[in-house]
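The values are calculated or read from the model by the stated rules, or taken from the named source; none is laboratory data. Note that the coordinates shown come from a computational prediction; the quantities given were computed from them, not determined experimentally. Note that we place each Cβ from the backbone using ideal geometry, even for glycine, and neighbour counts take in every protein chain shown. Heads up: the accessible areas ignore ligands, DNA and RNA and are worked out on the full protein's heavy atoms, side chains in. Shrake-Rupley method; radii C 1.70, N 1.55, O 1.52, S 1.80 Å.
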Amino acid sequence: SWYSFVKEADGLKIKFIALNSSLPDDEEQFQWFLNELKQFSGPKIIFEHYPPYSTGFHGCLDLMNSKSKASRFRDRYTKVFNNPTYNIVLVISGHEHNYQRICRTDETGSIRLPVYIVSGGGGAELTGHAACDTSQIPMDGFRCLGLIVAYHFIDIVADTDDKDNLILTCKVLGLQCDLTEGLPDDNTFEKQFVNDRLEVIDDFTLSWEKQK
C-alpha cells in the first residue's frame with residue numbers, strides 16, 4: 001500500500017511517493033521510504049491520507065491525540081519531509097473535508113519548501129475549523145495560510161526555467177460554501193460545476209532549485 005513512480009515534466013524528472021499514513025509504525029514502509037529518497041536526488045511530491053498539519057475538525061481530534069495514527073505519522077515522518085536535503089516540494093493529503101495550504105516562510109516572507117496541501121473537498125460533507133484551541137495543535141513552525149470550506153480540485157502545472165529549476169504553478173478551483181447557510185443539494189451543486197461556475201480559491205507558485 002505504498003509505492004512510487006517518476007514522471008518527466010519539461011525535461012525534468014519528478015518522483016511521486018505514495019505513503020500509507022494508517023501505518024505510522026510500520027518499519028518496512030519507513031525504511032523503503034528512506035531508500036526511495038536516497039535513490040533519487042531530484043524534486044519529490046508526497047501523497048498520503050492523514051494531514052501531518054491541520055487546523056480543521058480532524059486536526060483537533062487527531063493531531064492533539066498523541067496516540068492517534070495521524071499524530072504518530074506526523075511525529076515520525078515530518079522530520080524527514082522537512083529535511084531540505086531530501087528535496088520534497090509538496091506533501092498532499094486529504095482526510096479533512098476542506099482545503100488548506102500550510103507552510104513556513106523565511107525572513108523575506110518567501111515560502112519555504114515543503115508546502116503542505118490538505119485537499120478534502122471532493123464530495124463528502126464539508127467541515128470548517130476545529131472547535132478546539134488551534135494554537136495548541138503541534139505545527140512545528142508551520143502555519144495555515146487559509147482554511148477554505150469548498151468543493152474543489154487542484155490544478156498543478158509543472159514547468160522548468162532556463163536553469164532547469166522546477167516551477168509548479170498551482171491553482172485551486174472550487175465552489176465555496178458558507179456552512180451557516182447549509183450545503184447545496186446535489187442538483188444545485190452539479191449544475192454549478194457543469195456550467196463552470198467555479199472560482200479560483202487559491203493561487204500560488206512554488207520554485208525548486210537544483211542543489212549546486
Averaging sequence separations of C-alpha pairs under 8 Å and six or more residues apart, then dividing by the length of segment 110-212, give the relative contact order as a whole percent. 27 percent
Expressed in Å to one decimal, the Kirkwood Rh of the chain from all distinct alpha-carbon pairs is 18.1 Å
Determine, from the Cβ-Cβ distance of K38 and A9 and an R0 of 35 Å, the FRET efficiency 1/(1 + (r/R0)^6), rounded to the nearest 0.05. 0.95
Residues of segment 24-42 with amide N under 17 Å of a point placed 7 Å along Cα→Cβ from D75: 24-27, 30
Using Cα pairs closer than 8 Å and at least 6 residues apart in sequence, work out the relative contact order for the chain, in percent. 17 percent
Loop-only check: which chymotrypsin sites (Phe, Trp or Tyr not before Pro) in segment 157-212 are DSSP coil with at most 11 other Cβ within 10 angstrom? none
For segment 8-15, Karplus couplings with θ = phi - 60° (6.51, -1.76, 1.60), whole Hz, Gly/Pro x: 9, 10, 6, x, 10, 7, 10, 9
Just grab the label-to-label distance for S22 and T205, each label 7 Å out from Cα along the Cβ direction, in nm (one decimal). 4.0 nm
Rounded to the nearest 0.05, what FRET efficiency is calculated for K163 and F193 with R0 set to 30 Å and r the Cβ-Cβ distance? 0.15
Compute the longest continuous run of the chain that contains no exposed GluC sites (Glu not before Pro); treat a site as exposed when its DSSP state is not H, G, I, E or B and it has at most 12 other Cβ atoms within 10 Å. 1-106
Neighbour-limited loop hits for trypsin sites (Lys or Arg not before Pro), segment 7-97 (at most 15 other Cβ within 10 Å; DSSP other than H, G, I, E, B): K67
Restricted to the chain, the DSSP antiparallel beta bridge percent, nearest 5, is 75 percent
Which value, in Å², gives the accessible area per residue of segment 1-111 when a 1.4 Å probe is used on the protein heavy atoms? 45 Å²
The alpha-carbon center of segment 1-65 and that of segment 149-191 are separated, in whole Å, by 21 Å
For the chain, which cysteines have no second Cys with its Cβ under 4.7 Å from theirs? C103, C144, C170, C177
